[in-house]
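What follows is a single structure, written as structure tokens, with notes after it.
Read-outs throughout are calculated quantities, based only on the coordinates presented, and are distinct from any laboratory measurement. Note that the structure is a prediction, hence the values are computed from the model and not measured.
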């Protein structure tokens with residue numbers, strides 16, 4: 001449960017910036033700079049990698065444990 005809470009906190013932190021920056025730029029009628037786009041894209045990429053790891057690592061661990069149990 002603690003790992004799940006940490007995962008949720010990490011996802012919220014990684015999503016906060018990419019949502020806040022475009023929202024505030026639109027509210028202030030500004031366009032995003034290259035570095036802001038880079039930050040948004042990097043955060044989304046990191047978010048995708050974290051989600052892939054959150055699925056792949058436990059599955060791999062479970063398959064290994066199941067194979068050890070059967071073998």
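Just to confirm the number: angle between the C-alpha axis of helix 2-27 and the first principal axis of the chain, 0 to 90 degrees, nearest 10?
20
How long are the semi-axes of the ellipsoid equivalent to region 2-70, from square roots of 5 times the Cα gyration tensor eigenvalues, in whole Å, largest first?
For region 2-70, the ellipsoid semi-axes come out as 37, 12, 6 Å.
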